[in-house]
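K.L.:
There's a structure below that I have some questions on.
Read-outs throughout are calculated quantities, based only on the coordinates presented, and are distinct from any laboratory measurement. This structure is a prediction, so every number in the text was calculated from the model and none was measured. Glycine gets a Cβ as well: all are built from the backbone with ideal geometry, and neighbour counts include every protein chain shown.
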Amino acid sequence: MIEIRIEGMTCGGCVTSVKKAVSSADETASTEIDLTSGIARIETALPRSRIVEAIEAAGYDVVAG
Ligand SMILES: [Cu+2]
């Protein structure tokens, strides 16, 4: 399980966009996102870097660390 903090999500539409971005990288991924904290928990076999890339490509910032 990968946990990342995402900045720039402001509404449910953003959450959907991020989930879609993760799914496009790994269609079997299961993603839970808390909009208030910006924390995403992603069940995936892909390396963290691939998931971060997909989220950033969708226009959101991933907080390092
Ligand atoms: Cu939004």
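K.L.:
Can you tally the net charge around residue 54? Count Lys and Arg as +1, Asp and Glu as -1, for every other residue whose Cβ sits under 14 Å from the Cβ of residue 54.
P.N.:
Summing Lys/Arg as +1 and Asp/Glu as -1 gives -1.
K.L.:
Which log10 I(q)/I(0) values, to two decimals, does the stretch 2-63 give at q = 0.23, 0.26, 0.28 Å⁻¹ under the Debye formula with one point per Cα?
P.N.:
Rounded to two decimals, the profile gives -0.85, -1.12, -1.34.
K.L.:
Let me ask you something else. Relative contact order of the chain, please, whole-number percent, based on alpha carbon pairs below 8 angstrom and at least 6 residues apart.
P.N.:
Details: 92 pairs, mean separation 30.1, N = 65.
After rounding, I find 46 percent.
K.L.:
Counting Lys and Arg as +1 and Asp and Glu as -1, what is the net charge of the other residues whose Cβ lies under 15 Å from the Cβ of residue 41?
P.N.:
Neighbourhood net charge equals -2.
K.L.:
Calculated from DSSP H runs of 4 or more alone, at -39500 (n - 2.57) each and per residue, what is the 222 nm mean residue ellipticity of the chain, nearest 500?
P.N.:
Mean residue ellipticity at 222 nm (helix-derived): -11500 deg cm²/dmol.
K.L.:
Compute the length gained on full extension between residue 56 and residue 27: take 0.36 nm times their separation in residues and subtract their Cα-Cα distance, giving the result in nm to one decimal. The partial results should precede the final answer.
P.N.:
Numbers: separation 29, 0.36 × 29 = 10.44 nm, distance 1.73 nm.
The span from residue 56 to residue 27 would gain 8.7 nm if fully extended.
K.L.:
Could I ask something else about it? At R0 = 25 Å, how high is the FRET efficiency between residue 45 and residue 5 if r is their beta carbon distance? Nearest 0.05 is fine.
P.N.:
Taking R0 as 25 Å, the efficiency between residue 45 and residue 5 is 0.75.
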